[in-house]
Amino acid sequence: MSKVAIVIFADIETKGDFGRAVNALMTAKEFKEAGDEVQIIFDGAGTKWIGKFNEKDGKYNDLFDSVKDKIAGVCGYCAGAFKVTDVVTVNAINLLDEYNGHPSFKKLVDNGYTVLTF
């Protein structure tokens, strides 16, 4: 059984960014369907995806919804920096602030997670 933390750093600005974010969700779905332990973290500019994946009639909203239960949270500091804290809160997603306002990647590694970044 794998233990994987998928971290989405990609911004929302380009098609390449969009592709990375969708690939991250697809990767999470694959691990979830295999019964592995997986969690998703949105960090940096990636915090803006919460709003994008919750827009009405979004092309990948169903994919997002299929792995929403695997979202560990969003970097609290970065959500504030990118002004998306309200969107994150409205969507009932945790703000992570374990290490100086950010998620703790050391904690993940110490707990045996492989960290994949997109």
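Some values worked out for this structure:
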| read-out | value |
| --- | --- |
| Among 95, 63, 25, residue whose mean-square fluctuation peaks in a GNM of the chain (springs only between Cα atoms under 10 Å) | 63 |
| Projected-area average for region 5-118 over all orientations - Cα convex hull basis, square nanometres | 6.6 nm² |
| Antiparallel %, DSSP beta bridges [both residues in region 3-117], to 5 | 5 percent |
| Region 14-64: C-alpha gyration tensor shape, a/c 1.5 cut-off, then a/b vs b/c | prolate |
| Efficiency of FRET between residue 34 and residue 65 - r from beta-carbon atoms, R0 25 angstrom, step 0.05 | 0.85 |
| Additional length obtainable on full extension of the chain from residue 81 to residue 55, 0.36 nm per residue less Cα span | 7.3 nm |
| Loop sites in region 19-118: trypsin sites (Lys or Arg not before Pro), DSSP, at most 11 other Cβ within 10 Å | 56, 59, 83 |
| Gaussian network model of the chain, Cα within-10 Å springs - most flexible of 74, 38, 87 | 87 |
| Calculated FRET value between residue 3 and residue 90, using beta carbons and R₀ = 25 Å, to 0.05 | 0.25 |
| Filter on 56/107; 48/70; 32/56; 15/83; 29/52; 59/107 - keep pairs with C-alpha separation over 28 Å | 56/107; 59/107 |
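Since every read-out is calculated from the coordinates, none of them should be taken as a lab result. All values reported here derive from a predicted model rather than from experimental measurement. With ideal geometry, Cβ positions are generated from the backbone for all residues, glycine too; neighbour counts draw on all protein chains shown.
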